[in-house]
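None of the figures in this text is laboratory data; all of them are computed from the coordinates on show. Here the structure is a predicted model, which means the values were calculated and not measured. Cβ coordinates were reconstructed from backbone atoms using ideal geometry, including for glycine residues, and neighbour counts include every protein chain displayed.
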Amino acid sequence: METATKLTGLSEAIDLGILDPAQAEFFETPGGFTGLRLHGTEYKRVALRRAMPIAQPSSYISVADHENKEICVIRSLSDLDDENLRVVTAELDRRYYCPEVVSIKSVKDKMGYVYMELRVTGHGETFDKNCAVKDVNKNIRLLDESSLIIFDVDGNRYIVPSLAALDKKSLKRLEPYLF
Amino acid sequence: MQETYTLSYDLDARMLPCEGVLRFTRSGRVSASADGAELFDRTLEGAEEAAVLPGVGCGLIFLKMKDGEEFVLCRFSMSALLTAGEFCKVVNYYIQTNTAAIPEEKETRVCEKCGRPLVEGLKVCLFCYNRTSVLKRALELLRPFRRTLLVAQIFVAVASFFYLLIPLFNRVLIDNYLSQMRGPAAHIVMLAGAMFLARGLNEVIFILSSRAYNRASIGYANLLRTMAYDKLQRLSMSSLQKRTPGDLIRRVMEDTSTVKDFISDAGRWGIEQFIMFVIVMVILLITNPWLTLLVFLPVPVVAVGMSRFWRFINIRYERQWRRSSRCNSILHDIIKGIRTVKSFGNEDQEIEKFMGETRKLAEVSSSNEKLWALLFPSMVFFTGIGEFLVLYFGAGAILDGGLSLGVLVQFTMFITYVYAPLRWLVSFPRWLADAMTSMVKVFEILDEDTDLPNKEDPANVPLTGGVSFEGVSFGYKSYEPVLKDVSIDVRQGEMVGIVGKSGVGKTTLINLVMRLYDPNAGSVRISGCDLRDMSQQHLHENVGVVFQDTFLFAGTVYDNIVYAKPDATQEEVIAACKAGGAHEFIIKMPDGYNTVIGENGHTISGGERQRLAIARAVIKNPPILILDEATSSLDVETEAIIQDSLHKLIKGRTTLAIAHRLSTLRAADRLIVLDKGKVAEMGTHAELLKMKGIYYDLVMAQRQTGKKNK
């Protein structure tokens, strides 16, 4: 009689390289970058990348060296101590720039491009942005039933975290592009 | 001479918006200020490179020092990304040469008038674009069709005249004969005959006008399509790659078609409705000015109401169209990938996904139809108010003896002639906007400057010499250099293999030899002549290329071979196929060289396709041969056969060959190893092995893989 061979689990076969937070020390370099000391090695510049920036922005943060070679993965930001959390969050804020739309002042369709005047907030400051959106089907994208992201022709991103939070006029201006 | 090169940036160190300026001066210093405050001013001494580091929705420029230190110079949103790349190029040129080359003109990314972003590839702001100038230009192109259009307009005017006669005949019939219950029957028959004739002539002349309009509009669309296609063929790869194939096809086919529809439908109807409107107005005013006033009384309300109605309905139908388009794309995707769906057993999941989308489409459609069913009859009722007013007051006037029945009937008939142009006028701005958008897109292609200009007086020297790269730097995006200061000298008749990991710039190197792009810095020369100094046609006639993915056009084997040399003799075709090792399999096919191969050559195997590609490349007998992974998709046996053909061919030709499978480069005189966009190693196979560097590692890695596979 054949005996069933136990399959190796994926997490056993593949090392995710999850960071042991107690071993890591993230720091800000004088040049304006973020560095990491880990197991006796000092990385002068690390790149932090969210594996799931929209669905799970605080989990699975890949840490890579200056040659883009992955060093480790932070499972969750909540695993980090206060100082590491401060440095890592600041770096993530600098890498992911996506202002939130507060209101939409105007939307005009011109020659196949949609020109928008947005009032946005980023890092606590509110300001106005003019943007042009090409191919609205692709670049005004509903993330779920209540939030959406806008990509303009330059590659800038603007997020509407809650459509319900927009004022009536803004929502009406945006409505033709929601589908 | 400019002393400073500046970059405007928009984010400070905390990622808050700012008005920042980064400056590079001829004296080799970089400085920055933000919101009026000076931030730093430093020398470039000891600097190795300035580079852009793109983030997500933002980016930064940093300075890399020779001692390994790195400094952020500024941060910016994506709007400044391209100009940041240009800034780095200027700084890096200084770092490499110690000379400052500050470009006179700087590319702007925002409209100087309104401050809105410019769309990539366009120099005009679509927001501020003057519609009159587009229309003017479109009309200028209509010039060859002027006579046809004039004839069409005369036909329309005549047809409208006959159409307008009918209510007038009606009035005479009612007032002179029917209401007085008298008159010879012959007169009534004559009037009926006249009405019949007027109606018949109206239709016949209308058919003639339609034909004339169609001839003009089809000719116009054909002219635009030909011009756009001609321009597309002449654009550079970098211009073409900015747009998707779908976008380019749409511009050549659909946008020209929209313009055609506008001229044939909107143009014709517009003129007809305008003529009708003016004539009816004159007749009505002459007949009874007071009743005319009643006809026009509800016009402003009706016009505003209709405009609102169409706007509202259009938005809703646009949403329905988008939902429908989404369903189509899901369906398209799933049917295309049905093998994957089935292999993962995900049929139910896909059914669920599609059902969800069709449900949403059904909801939107149903809601729209309900609304349409309610609003459209209401709007029709509303537009009929003028008719009721005329009937009410007209009937009163008849009873008082101030108006004849014929005049009232004539009025009610003319009312429809007045409201029809009104309905048309409401939709006209949208038609015009659609046509203008299409025209702008076509003109955009026509106006695009080629970034690979042909020199007016090209030096078409015989390209029998070697190929050299002199300090070549290049990036598809200016902020992401692929090749950095590459200098290579390939001697005449030498075969050089280019190796390296994926993405190091191997294909980019040969793209530059084919002049699909121009280097950002340095020069590529053949026989000592800069590629920019010779005509592109001369270059392409002298370079034969075999790619990994061979594209064969729909047609016969013969057609595909002579594609490279349309005037090739039959003997040359056979000789090229023999040289490429293709003759053997071609001759075995029942139709030989006349065998039709499907789109992309699906009816023949990969190896056979590759051999045809080699035959196509060598039929011109080019002194320079480029092989870009020409045999990498083939099995070892087929590769050996093709390699054999290739070895015979490359003798005496300058050959550049790229291959991942290093064994295919055995015959190479020299190997060049690229790493991180630079030439890392150069030498013969034996020399490189001895160096125990990157090439050695690559060979060892492949040997290991080979052993494991065995």
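For the stretch B:467-709, what's the relative contact order in percent, using C-alpha pairs closer than 8 Å and at least 6 residues apart?
Relative contact order here is 27 percent.
For B:K66, give me every one of the aspartates and glutamates with a C-alpha distance below 16 angstrom, ignoring sequence neighbours fewer than eight places off in its own chain.
Within the straight-line cut-off, B:K66 pairs with B:E45, B:E48, B:E49.
Listed here are the pairs A:K44/B:K690; B:K578/B:K690; B:K455/B:K484; which of them are more than 31 Å apart at the Cα?
Among A:K44/B:K690; B:K578/B:K690; B:K455/B:K484, the Cα-Cα distance tops 31 Å for A:K44/B:K690; B:K578/B:K690.
Determine, for each peptide in B:59-72, B:505-518, the mean count of other beta carbons within 10 angstrom over its residues, then list the peptides with the highest first.
B:505-518, B:59-72
Compare the peptides B:648-659, B:607-618 by average per-residue count of other Cβ atoms within 10 angstrom and give them in order, highest first.
Numbers: B:648-659: 19.8, B:607-618: 25.0.
Final packing ranking: B:607-618, B:648-659.
Please give the Cα centre distance for the stretch A:66-126 versus the stretch B:123-159, rounded to the nearest Å.
47 Å
If the only charges are +1 at each Lys and Arg Cβ and -1 at each Asp and Glu Cβ, what is the size of the charge dipole of the stretch B:4-97 around the Cα centre, to the nearest 20 debye? Numbers along the way, then the final one.
Details: 9 positive and 13 negative charges, 38 e Å.
That gives a dipole near 180 debye.
What does the structure give for B:68-79 when I average, per residue, the other chain Cβ atoms found within 10 Å of the residue Cβ?
Per residue, the number of nearby Cβ atoms from other chains is 5 on average.
Putting +1 on Lys and Arg Cβ atoms and -1 on Asp and Glu Cβ atoms, find which of B:A579, B:I526, B:T664 reaches farthest to the positive end of the dipole of the stretch B:467-709.
It is B:T664.
Find how many whole Å separate the alpha carbon centroid of the stretch B:643-680 from the alpha carbon centroid of the stretch B:26-68.
40 Å
Charges at C-beta only: +1 for Lys and Arg, -1 for Asp and Glu. How large is the resulting dipole of the protein assembly as shown about its Cα centre, in Debye rounded to 20?
2300 debye
List the aspartates and glutamates whose alpha-carbon lies under 13 Å from that of B:K342, not counting same-chain residues fewer than 8 positions away?
Reachable aspartates and glutamates: B:E350.
Using a 10 Å cut-off on Cβ to Cβ distances, tally the other chain neighbours for every residue of B:54-65 and report the average as a whole number.
Across B:54-65, the average partner-chain Cβ count within 10 Å equals 5.
Take the alpha carbon gyration tensor of the stretch B:467-709, find the square roots of its eigenvalues, order them as a ≥ b ≥ c, and report rounded if a/c is under 1.5; if not, report prolate when a/b exceeds b/c, else oblate.
oblate
Determine the shape class of chain B: with a ≥ b ≥ c the square roots of the Cα gyration tensor eigenvalues, call it rounded for a/c under 1.5, and otherwise prolate if a/b is greater than b/c, oblate otherwise.
prolate
In the structure shown, do any of B:K260/B:K477; A:K134/B:K678; A:K172/B:K360; A:K129/B:K501; B:K336/B:K620 have a Cα-Cα gap over 30 Å, and if so which?
As for pairs spanning more than 30 Å Cα to Cα, those are B:K260/B:K477; A:K134/B:K678; A:K129/B:K501; B:K336/B:K620.
Roughly how tilted is helix B:606-618, in degrees to the nearest 10 and between 0 and 90, from the longest Cα axis of chain B?
Tilt relative to chain B: about 80 degrees.
Counting only other chains, and only Cβ atoms inside 10 Å, what mean value do you get across the residues of A:142-152?
Taking all residues of A:142-152 together, the mean is 1.
Of the peptides A:35-43, B:489-497, B:369-377, how do they stack up when ordered by the mean number of other Cβ atoms within 10 Å, highest first?
The peptides rank, most packed first, as B:489-497, A:35-43, B:369-377.
Which distance in nm do the two modelled labels at B:L285 and B:N314 give, with both placed 7 Å along the Cα-to-Cβ direction?
3.1 nm
Can you give me the angle between helix A:82-95 and the longest principal axis of chain A, using Cα atoms only, in degrees from 0 to 90, rounded to the nearest 10?
50 degrees
With +1 on each Lys and Arg Cβ and -1 on each Asp and Glu Cβ, and nothing else charged, work out how big the dipole of the stretch A:73-124 is about its Cα centre, in Debye to the nearest 20. Numbers along the way, then the final one.
Values: 8 positive and 9 negative charges, 94 e Å.
My answer is approximately 460 debye.
Put +1 on the Cβ of each Lys and Arg and -1 on the Cβ of each Asp and Glu in the stretch B:4-97; which of B:C88, B:G55, B:L73 then has its Cα farthest toward the positive end of the dipole?
Result: B:C88.
Taking square-rooted eigenvalues a ≥ b ≥ c of the alpha carbon gyration tensor, is the stretch A:100-177 rounded, prolate or oblate, where a/c under 1.5 means rounded and, failing that, a/b exceeding b/c means prolate? Present the calculation step by step, with values, prior to reporting the outcome.
Values: a/c = 1.36, a/b = 1.20, b/c = 1.13.
In terms of gyration-tensor shape, rounded.
Quick one: angle between helix B:185-234 and the longest Cα principal axis of chain B, in degrees between 0 and 90, rounded to 10, please.
So the inclination is approximately 10 degrees.
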